[in-house]
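To keep things clear, I will list the structure first and then write my remarks on it.
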Amino acid sequence: MALAAFLARPAASHTDGTALCPVPGPDGSQPAIPVGVPARLTMWQAVRQSWLIHPDWTVEDHLSWLDGEGYDTDTIEGDPAEVIGRWLAEHRRTARLTVPPEVTGESRVYVVAAGDMVAVFDNPDAAGIQRTVMEAANLDTIASAMTPAQWDTARAVLRAEHPHLVITDVRHGAAGEAE
């Protein structure tokens, strides 16, 4: 067995663990000076980030983008398209706005809150997009669906207890866009 197998890995080395190549220096040959490389997102993180920016992309779009960014999708265990598809399904599932069953004949108000902002929508898709954006900004979100009457009560309580909150009502026909 080679003695090199028992040696400690140099602080700066090639990815296979071998020392950096010698280069000419003022006093003869010396190890090359390492060049820093910024940390890279894992493939899973890269897919999540690109999905947040492009929620309409297909699995093929993500695979093409990953290849263009220099990710080696052949290193994914299993079929890359199937794995990316599972990741995207999980991203969609965890970012979705949870909505209770609709009450017959009654409209719903979709509320998303994070930090010092509360946003109100009249459809779950718009609220889901807002929640995704807030989570991408590392905000801890709260989302719910309620009747308009329940929202009116909640808004009054929020205004009384938290006057610093920014409440944005983007429902169609809502009186005033922001409070």
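A few remarks follow.
- Test for Glu102: is it at pLDDT 85 or above and surrounded by fewer than 18 Cβ atoms within 10 Å (Cβ to Cβ): no
- Selection count where residues are among the charged types (D, E, K, R) and in contact (Cβ under 8 Å) with a residue 60 or more places away in the chain, scope the stretch 43-98: 0
- When we screen Val83, Val35, Val47 for residues that are of a type in the set (Val, Ile, Thr), surrounded by 13 or more Cβ atoms within 10 Å (Cβ to Cβ) and at pLDDT below 90, the only hit is Val47.
- Residues in the stretch 55-76 include none that are within 20 Å of Ala137 (Cα to Cα), assigned to a helix (DSSP H, G or I), within 33 Å of the chain's Cα centre (by Cα) and modelled with pLDDT under 80.
For (1) of a type in the set (Gly, Ala, Ser); (2) over 19 Å from Ser107 (Cβ atoms); (3) outside any helix (DSSP H, G or I), each residue gets a yes or a no:
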{"position": "Gln130", "(1), (2), (3)": "no, no, no"}
{"position": "Val133", "(1), (2), (3)": "no, yes, no"}
{"position": "Ala143", "(1), (2), (3)": "yes, no, yes"}
{"position": "Val157", "(1), (2), (3)": "no, yes, no"}
{"position": "His164", "(1), (2), (3)": "no, yes, yes"}
{"position": "Arg171", "(1), (2), (3)": "no, no, yes"}
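The values are calculated or read from the model by the stated rules, or taken from the named source; none is laboratory data. These figures come from a predicted structure and were not determined experimentally. All Cβ positions, even for glycine, are placed from backbone atoms using ideal geometry, and neighbour counts span all protein chains on display.
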